[in-house]
Amino acid sequence: MREKWRSRLSVLAGASALALSAITATPALADDAPVSPQEVQMPTDVKIVEGGATDPGAAVPFPADEADEAEQAGPVETATSGGQTEAVGAAKATPSSSTCLGSTAAYGTSGCFQHNGDIVWAGDTKKDGMSAAVGIYTDYGRAEEVCVNKLGSGTWATCNKDYREAGDVRLRVLRYDGDTGKFYQPETWSGWIPVDGKY
């Protein structure tokens, strides 16, 4: 009788060890990045707005963090299609968390809404050949728009909009491939943000 009990106990212990090893091995699979980006279907009539950098010499509305000041010391020159250069150093400025609401981030993209001026900020945080994209939705039926940052990795672009002060907006951050005109996951949504900034 005692021998049967030991036999059953050893079978249970072996099964438990096997189950435990399967459980601890599985999370490693969840951390693996997808082989290729997953396309996100957007409405065909979505308006794509190219975000711009702050004009050279203009006061940047949001001071940079002290850790980023060395990186932002001077403007970065980028060639344009006509051979002229455009200073985009101001695009390295980051929005202030006290003024920019609904901060939302996903792989390679950060976004927020500046209620004073109705400005959408789109930050590109990954050098992967794609652009940061921030979709803007309203609670009163205005057509969806997407603010796209084509300034490059490590920059912020702004899209200046005009929304109904009594309304709310919601942000959707994702990646955008300008060559194909397609949007890609991962994506994240913010909660509803009051346009006037008063919760």
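Do we find that Leu171 is at pLDDT 95 or above and of a type outside the set (Gly, Ala, Ser) in this structure? Yes.
Looking across region 151-164, the residues that are in contact with an Asp or Glu (Cβ under 6 Å, 6 or more places away or on another chain) and within 21 Å of Lys47 (Cβ to Cβ) come down to Lys161, Asp162, Tyr163. Residues in region 153-167 that are surrounded by fewer than 16 Cβ atoms within 10 Å (Cβ to Cβ) and in contact (Cβ under 8 Å) with a residue 40 or more places away in the chain were compared, and the one that is farthest from the chain's Cα centre (by Cα) is Asp162. Scan region 107-119 and tell me whether some residue there is part of a loop (DSSP other than H, G, I, E, B), under 15 Å from the mean Cα position of the chain (by Cα) and farther than 13 Å from Ala53 by Cα. Yes: region 107-119 contains one or more residues that are part of a loop (DSSP other than H, G, I, E, B), under 15 Å from the mean Cα position of the chain (by Cα) and farther than 13 Å from Ala53 by Cα.
The values are calculated or read from the model by the stated rules, or taken from the named source; none is laboratory data. Not measured: the values here are computed from a predicted model. Please note: Cβ atoms are built from the backbone with ideal geometry, for glycine as well, and neighbour counts cover all protein chains shown.
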